[in-house]
Amino acid sequence: MRTIGVGGSTVEIELSKFKNRTLGAKAIGLSEYKERAARAGALMAQEGFDAIYVHAGTSLYYFTGTPWHPSERIVGALIFPNGALEFISPQFEEGTLKGFMTLEGPVNCWEEHEDPYALFGTILSNYGLSEGKVGLDEQIPFFMSELLSAANPKFDFVSGKPVITGCRSIKSADEIALIKLAMDITLDVHKAAAKIMRPGISSQEVVDFIEEAHIRSGVASGNYFCIVLFGVDTSFPHGVKAPQNLVENGMVLVDTGCQLNGYISDLTRAYVYGEISERQRQIWNIERQAQQVAFDAAKTGKPCGDLDVEVRKYLESQGLGPEYKLPGLPHRTGHGIGLDIHESPNLVGNDRTPLVPGQCFSVEPMICMPGEFGIRLEDHIYMTEDGPKWFTEPCKSVEDPFG
């Protein structure tokens, strides 16, 4: 039988159905940023940090609500165990930085000819620290960490992951609501994209449609990313140099997402345009069951990596693998998500982080069949006291993927 909900419509018809869905989206408020700084302080005391440094980018935005693109100049904030903030910035950026602040704090500035890494030490000294343990954002460039150490030899600069990831990986109700809305928007875009499929359509045509559909849904920035693959190209997880066009009875893989108030959606759908072969049906059904295996294994307190282990056991029982061997699953079962599309912790065998309420993960145990096709079904879960919940409902069946 032919796949239900795939093909049969046009770009114009499907785009006409989209309306702005973001008008009621609730941004993260000042009170939550204050709570994050306080939570970071509590974790610092627990982990023995005297301060942590969050660098321009998503960590600075997470803790202070200050959006700032990282560059070769150091811009960020020191957070102390009492929750106090001290920003650091080039002098000529001070006014702009203050204009973007949500959670405010003093801005310590340096002129272009001065050493910002020595200024970093001065800030610590002003807080009564002549030595100690300072956690650095994992996203800080290596050259900056080297220069910080050279300018402040009495301080021990180490990874701030226990504090930064310790906070960022546990999403609040407001964060989960933003991710949920972004995921719902992207799922509707997926459904519409499936309807415009036709023999000969190019991957770029579909990418362009998905971009416009996200924009019409109220996401001004459009796609955060988009991968559209057909036929044998679908066996390459992140695409190929020269994508082929769709042919009758060919496999389709679409992986896309958007960004809403900083939070990201990331959904993949794989289906057949036309008649479904027994081979396609067999592997699609195994992929869908692998998703369910991961979901069923997600128990509070269990190590994240155990979900990956359980999925690989199941796939091996179906004659795939073992481990990362193809045909089979070539990458981890899933990743954390939030302000970054890939965040810690991850659903991979060596990640022993316990599952706790508030964590959010993709569940995408892709099956690659070299020379044939690949199938990746990707939905996300968030952990609760009662176990995992889906952000979006997984595909229903190979014959009717969108239900």
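The values are calculated or read from the model by the stated rules, or taken from the named source; none is laboratory data. This structure is a prediction, so every number in the text was calculated from the model and none was measured. Positions of Cβ are backbone-derived with ideal geometry, glycine not excepted, and every protein chain shown enters the neighbour counts. Protein only, heavy atoms only, side chains kept; ligands, DNA and RNA dropped before computing areas. Shrake-Rupley method; radii C 1.70, N 1.55, O 1.52, S 1.80 Å.
When Lys and Arg each count +1 and Asp and Glu each count -1, what net charge do the other residues less than 13 Å away from Asp174, Cβ to Cβ, add up to? After counting each charged neighbour, the total is +1. Take the alpha-carbon centre of region 250-272, take the same for region 319-372, and report the distance between them in whole Å. That distance is 16 Å.
Shape class of region 254-294 from the alpha-carbon gyration tensor: oblate, with a/c at 1.5 or above and b/c at least as large as a/b. Helix 173-195 and the longest principal axis of the C-alpha atoms of the chain enclose an angle of approximately 30°. Packing-based ranking of 4-15, 162-173 yields 162-173, 4-15, ordered from highest to lowest mean Cβ neighbour count within 10 Å. Name the shape class, rounded, prolate or oblate, that the alpha-carbon gyration tensor gives for region 86-135, where a ≥ b ≥ c are the square roots of its eigenvalues, rounded holds for a/c under 1.5, and otherwise prolate holds if a/b is larger than b/c and oblate otherwise. It comes out oblate by the Cα gyration axes. Distance between the 7 Å Cα→Cβ label points at Ser9 and Glu146: 5.4 nm. One equal scatterer on each Cα of region 291-358, no solvent, Debye formula: the resulting log10 I(q)/I(0) at q = 0.19 Å⁻¹ is -0.72. Charge tally for Ala150 (other residues, Cβ to Cβ under 15 Å; Lys, Arg +1; Asp, Glu -1): -2. Spread over its residues, the convex hull of the C-alpha atoms of the chain is 149 Å³ per residue. Computed over all pairs of different Cα atoms, the Kirkwood value for the hydrodynamic radius of region 166-239 is 14.0 Å. Shape analysis of region 255-386 based on the Cα gyration tensor places the equivalent ellipsoid semi-axes at 25, 18, 12 Å, largest first. Let me know the shape class of region 175-302, please: from the alpha-carbon gyration tensor, a ≥ b ≥ c as square roots of the eigenvalues, rounded when a/c is under 1.5, otherwise prolate if a/b is greater than b/c, or oblate. Here region 175-302 falls in the oblate category.
When DSSP beta bridges are restricted to pairs lying wholly in the chain, around 80% turn out antiparallel.
Cut-off under 29 Å on the C-alpha distance; same-chain residues fewer than 8 positions from Lys389 excluded. Which lysines are left, in chain and number order? Of all the lysines, those that pass the test against Lys389 - Cα under 29 Å, at least 8 places apart if same chain - are Lys17, Lys19, Lys26, Lys34, Lys161, Lys171, Lys180, Lys191, Lys195, Lys299, Lys302, Lys313. Element breakdown for region 161-268 at a 1.4 angstrom probe: carbon and sulfur atoms account for 54% of the accessible area. Only helical runs count toward this figure. For the chain, summing -39,500 (n - 2.57) over DSSP H runs of n ≥ 4 and dividing by all residues gives -10500 deg cm²/dmol at 222 nm. Averaged per residue, region 277-373 has 38 square angstrom of accessible surface, using a 1.4 angstrom probe with ligands and nucleic acids left out.
Solvent-accessible surface of region 5-110, taken per residue with a 1.4 Å probe and all protein chains present: 44 Å². Take the Cβ atoms of Asp115 and Asp208, set R0 to 56 Å, and the FRET efficiency comes out at 0.70. Tell me, what is the FRET efficiency for Asn261 and Thr300 to the nearest 0.05, using R0 = 30 angstrom and their Cβ-Cβ distance as r? That pair, Asn261 with Thr300, gives E of 0.60.
Charges were assigned to the Cβ only: +1 to each Lys and Arg, -1 to each Asp and Glu. The resulting dipole of the chain about its Cα centre is roughly 960 debye. Taking a Cβ cut-off of under 15 Å around Pro243, the surrounding Lys, Arg, Asp and Glu residues balance to a net charge of -3, with basic ones at +1 and acidic ones at -1. For the chain, the residue among Pro237, Leu136, Gln282 whose Cα projects farthest onto the positive side of the dipole built from Cβ charges is Gln282. The portion of the accessible surface of region 10-75 made up by carbon and sulfur, rounded to a whole percent, is 57 (1.4 Å probe; DNA, RNA and ligands excluded). In order along region 19-26, phi translates into HN-Hα couplings of 10, 5, 10, 9, 4, x, 5, 8 Hz, rounded to whole numbers, per the Karplus curve 6.51 cos²θ - 1.76 cosθ + 1.60 with θ = phi - 60° and x for Gly and Pro.
Normalised per residue, the accessible area of region 134-179 is 43 Å², obtained with a 1.4 Å probe and no contribution from ligands, DNA or RNA.
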